[in-house]
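Quick notes on the structure that follows.
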Amino acid sequence: MANEEKVARPAPETVMQVERHDYPDLAPEGSRRTQSLAGFDPVYTDIVDYIVRCTHKIWDERDIGLIYSHYTHNCVLYGTTGTLYNREDVVRDTIQRLVSFPERRGMATQVIWNGNDKEGFYTSHLVTGSGRHTQNGHLGRATGRPFVSRTIADCMIFENKIYREWVVADTTAIMLQLGLDVDAFATRIAEAALARGQVALDIGENRLMVGQYPVAEEADTALARTEAERHTIRWLHRVYNRKMFGLITQVYAPTCLYHGPLMVEHYGHAAVIHQTLGLVGSLPDAVFQVHHICSTPCEEGGEKVAVRWTMEGHHLGHGILELLGPPTGKRVQVMGMSHFHYKNGRIVDEWRVYDQMSMLAQVRLAQLADRKAAEGARPPA
């Protein structure tokens, strides 16, 4: 027994966090590996180093060819206006985006993750991007204007390769800062989709429309692994599905900061309630559903929780989604991501990302489809 006590035990894994660290600290050169990463390139020390470093190399250093060694050939990338189903399309899409923004830089704000190298990792990576629109490209003629925007990318990773990714970029924030016509851009996307035979953009069925049943009293917390994650799923369900917006005053700290779409920065309970009420107000029959949740301790104290979610409903009311205009009744799906920072049991920061332009494109596509159907039903002159 005495001999057994003298046997050296492996040191616990230490995974880098993004808070308080500069990029050279996040992606150090020549550092030893601190987490088991079987199948990963030797340069990576842990899973946060992997996602921060390879994103920086691909997007900031323009080594786009790393996609070939960091994505599977049959990877699936889900965006707010469509889905890519192979690696070559990811390469082409990345090139096109960087053509318009030669000076674009993306700073890692935080990475929340779970998993291991046996079952695979899941990372939720919040990036603050900035640059200038100095080249003609997918957004039209260059305006020369600067922009700042937030993006959250969720990745499923196994042995150095991303095989599934969800990206929510606040394209609307960029377009408004560049002075571009968001409606015209959304209509162009809708027209291209209609030409391909689409009449909707990946929209599922709304569970609120099943029979006459009320919203479920309790949330399904099967996705959660920790009490903080279960708590988050429960209050999100009560606020978004059961419309108990007053609960926000109990869940958020009075001094909370809200970092929202269109790069808004707000403070306090009233602002969070207004932003949440305004989103639901535009889609009052929407169902809010959590698709993934993970959490990590935070160097700044407390815990950070990442949630990937969707809302599906109809554009039946007025709210903060002013770009949608007066209610159209059209079905809309919102793919969103939120990062929450809990301290002493309450949220002190929320980063919420979704894209109004993708919602507007869905409305315009439905209207174009209606027009085409009406023209087809019209008797010949």
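Laid out as a table, the results:
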item: So Ala173, is it farther than 18 Å from Ile293 by Cα, crowded, with 21+ Cβ neighbours inside 10 Å and more than 13 Å from the chain's Cα centre (by Cα); result: yes
item: Residue within segment 43-59 that is exposed (fewer than 15 other Cβ atoms within 10 Å of the Cβ) and of a type outside the set (Val, Ile, Thr) present; result: no
item: Test: residue in segment 331-349 that is surrounded by 19 or more Cβ atoms within 10 Å (Cβ to Cβ), outside any helix (DSSP H, G or I) and of a type in the set (Gly, Ala, Ser); result: yes
item: Total residues in segment 160-204, condition in contact with a Leu (Cβ under 9 Å, 6 or more places away or on another chain), not β-branched (Val, Ile, Thr) and not in a helix (DSSP H, G or I); result: 9
item: Residues satisfying the stated conditions in segment 265-309, i.e. in contact (Cβ under 8 Å) with a residue 60 or more places away in the chain and β-branched (Val, Ile, Thr); result: Val272, Val287, Val290, Ile293, Thr296, Val305, Val307
item: Residues being touching a residue at least 24 places away in the same chain (Cβ under 8 Å) and over 18 Å from Glu19 (Cβ atoms) - total across segment 337-355; result: 6
item: Subset tally (residues that are buried (at least 19 other Cβ atoms within 10 Å of the Cβ) and either outside the structural domain of Thr226 (by TED's automatic domain parsing) or not basic (Lys, Arg) (or both)) for segment 320-330; result: 3
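The values are calculated or read from the model by the stated rules, or taken from the named source; none is laboratory data. Keep in mind the model is a prediction, meaning the values are calculated, not measured. Quick reminder, even Gly has a Cβ in these numbers, built from the backbone with ideal geometry, and neighbours come from all protein chains shown.
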